[in-house]
Every structure is written in structure tokens, then in C-alpha cells.
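Each value in this text was obtained by applying a stated rule to the coordinates, not by laboratory testing. Just so we're clear, the structure is a prediction, and the values are computed from it rather than from any experiment.
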Amino acid sequence: MRLRPDDLSHSGIGMTSQRTRERLIQRLYEEGLSSAPVLEVIRRTPRHLFVDEALAHRAYEDTALPIGHNQTISQPYMVGRMTELLLGGDRLDKVLEIGTGSGYQTAVLAQLVERVFSVERIQALQERAKERLLELNLRNVVFRWGDGWEGWPALAPYNGIMVTAAASDVPSALLDQLAPGGRLVIPVGSGAEQQLLLIVREPDGGFRRHALETVRFVPLLQGSLF
Ligand code: SAH
């Protein structure tokens, strides 16, 4: 809701971009994304600004793309799917994101929730993501350089937590930082393919776990930062 129409026009990737974007949205809809607000936000978020110029012409394909440092910008379908799961039809107040990467998923979330807190371990990626969000005038995001296995305890609890890298196990710190009724969306597994989980914290403090589809994410790394 915060992007102005002219934010979309500083594209530099030619006249086909609007049509290409519409095709992407049509495809996401056909693949099963059903939330109109989520599709609308993906439609107007300029994904080509989140990848290197050399890859900008592929930005509206439904595919993950490299962003340097052995990391990838997530596939648009997965961004939409995880966002729908996280929101569950509600507007969330505080959302923690682990794995800022390019900042694309962050930008999508920032237009659908009140505040986003985003943790990334690679400082260079984080700096670039920060610049992009400012460029798009998305100012309800706070960034932290740190280890996502620890979450961001000082600002907990969160109504939603989204992890965009694959964890070998569900980090216990993230469960601790989930508010009652809060939702955690996370790919879990240590192989090339993982399982997408939705974990909901019940009002009585228990956790209900839903196993969803098989996904492919880069790993949520352990250990020291560089
Ligand atoms: N949502 C991002 C996806 C980036 S890929 C996008 O669409 O661009 C996953 C990101 O998680 C990478 O940037 C990687 O550096 C980060 N990451 C991996 N392990 C992490 C950890 N332990 N803490 C924080 N970030 C981590």
C-alpha cells in the first residue's frame, strides 16, 4: 500500500516489463496463490531492482536467481506462498524475518504487515537490501546483522516469523519468540530438499505443526559471521 505507481515505472527494462509482470501474476494465480492482497503486492513490487542489472530481464520469471555470496532471491511463487501462510488471512503487527538476502521478501512483507524486523548474517547483502527498501520508500523495516538461529530476542514476541533459509531443525529461540496465536513459516531439513512447516503457537502455549510441501532453499548457516 506504500508504493506509488511511479515507483513501478523507473524500470529501465523496456516496454515488455508490465506485460511480463502480468503474466507472472497470472501464473502464480494458476499455481494456487489465492490472496488478492498478496498477488497485488507482488504485482507492484519491482523485483528487477532486487537482482543484478545483468539478470533484470529474468526478474519476472517464476524462478530463484543468484544474488551473490552463494545466495539466491527466492522464487516469486515461494514468496507468495510463504506470505499467505504467514498472514493466514490476518494483518499482522510485528513480523520477524530471518534471511533478508536481496530484501525482496522483506519488501513484500513490509506492504502487508505493520512492522518487519529482518535479520541477515551477510552484512554486504543487508546493506544493499536496506538501500533498496529506502529507494522504494518502505520505512517500516528494521534490519539486524546477526545469526538468525537466535532470532531477535530483545524485540520479541512476534505475531509472525518467516525463515527464508532451510534449518536443520526448528530453532528453539524462534519458538520462544512467537506470541500466542503467532505463526512461524520455515523450511526444515538438511538435504537438497526440505519440508515447509507452518507452526502455530496455541493460546495455551502449545505448538501445532503443519507439514506442507517439499521446497528447496539455501541452508540456514550455523556459526560465526563474516
Ligand atoms: N528472502 C531472501 C532469500 C535469501 S536466501 C530473498 O528473497 O532475497 C537466504 C538468506 O539467508 C541469505 O541471504 C543468507 O545469507 C541468509 N542466512 C543464512 N543463514 C543465516 C543465519 N544463520 N542468520 C541470518 N541469515 C542467514
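Some points to look at:
- Global geometry of region 142-226, whether rounded, prolate or oblate, following the gyration tensor of its Cα atoms and the 1.5 cut on a/c: oblate
- Two-decimal log10 I(q)/I(0) for the chain, as the Debye equation yields it once each C-alpha is a single scatterer, q = 0.07, 0.10, 0.17, 0.18 Å⁻¹: -0.20, -0.41, -1.27, -1.44
- The chain, helix-only ellipticity at 222 nm - DSSP H runs n ≥ 4, -39,500 (n - 2.57), divided by all residues, nearest 500: -8000 deg cm²/dmol
- Span from the region 123-147 Cα centroid across to the region 22-100 one, whole angstrom: 17
- Fluctuation leader among His48, His57, His210 - the chain, Gaussian network, Cα springs under 10 angstrom: His210
- Against the chain, whose longest principal axis comes from its Cα atoms, helix 17-30 is set at around 40 degrees.
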